[in-house]
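Written out below as structure tokens is the structure these notes cover.
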Amino acid sequence: MTSSTSEKPLVELTKGVNGLEKVVLREVRGSSAEVYLYGGQVTSWKNDHREELLFVSSKYMKANITESNRLILADMTMKM
């Protein structure tokens with residue numbers, strides 16, 4: 001599903017950290033979200049101004065997403 005041929009798809013299945021599958025959801029006004037399929041972890045949520053509303057440390061993510069157990073353990077803080 002796309003909003004036009006020149007824009008990114010509104011729903012995109014892609015690979016994330018360590019090759020784990022994730023879905024990127026986009027809205028035509030600019031908001032978006034990333035959700036890893038394994039465990040349903042939300043790792044990004046942006047508003048209409050494309051400002052990130054969640055904080056997930058990239059160091060923490062890389063340290064806790066492993067090939068052996070394929071888990072995402074992240075502490076998320078919402079910006080309000």
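The values are calculated or read from the model by the stated rules, or taken from the named source; none is laboratory data. No experiment lies behind these values; they were computed from the predicted model shown. For neighbour counting, all protein chains shown are included, and Cβ atoms are generated from backbone atoms with ideal geometry for every residue, glycine included.
Restricting the first member to segment 37-51 and to residues that are among the basic types (K, R), and the second to residues that are in a loop (DSSP other than H, G, I, E, B), the beta-carbon pairs closer than 9 Å and six or more apart or on different chains are K46/G30; K46/S31; K46/L53; R50/G30; R50/S31. Within segment 22-71, the residues that satisfy the criterion of being exposed (fewer than 15 other Cβ atoms within 10 Å of the Cβ), among the basic types (K, R) and either touching a strand residue (DSSP E or B) at 6+ places or on another chain (Cβ under 8 Å) or at pLDDT 70 or above (or both) are R29, R50.
Per the listing M76, M80, the residue uniquely surrounded by fewer than 16 Cβ atoms within 10 Å (Cβ to Cβ), modelled with pLDDT under 85, farther than 13 Å from N18 by Cβ and touching a strand residue (DSSP E or B) at 6+ places or on another chain (Cβ under 8 Å) is M76.
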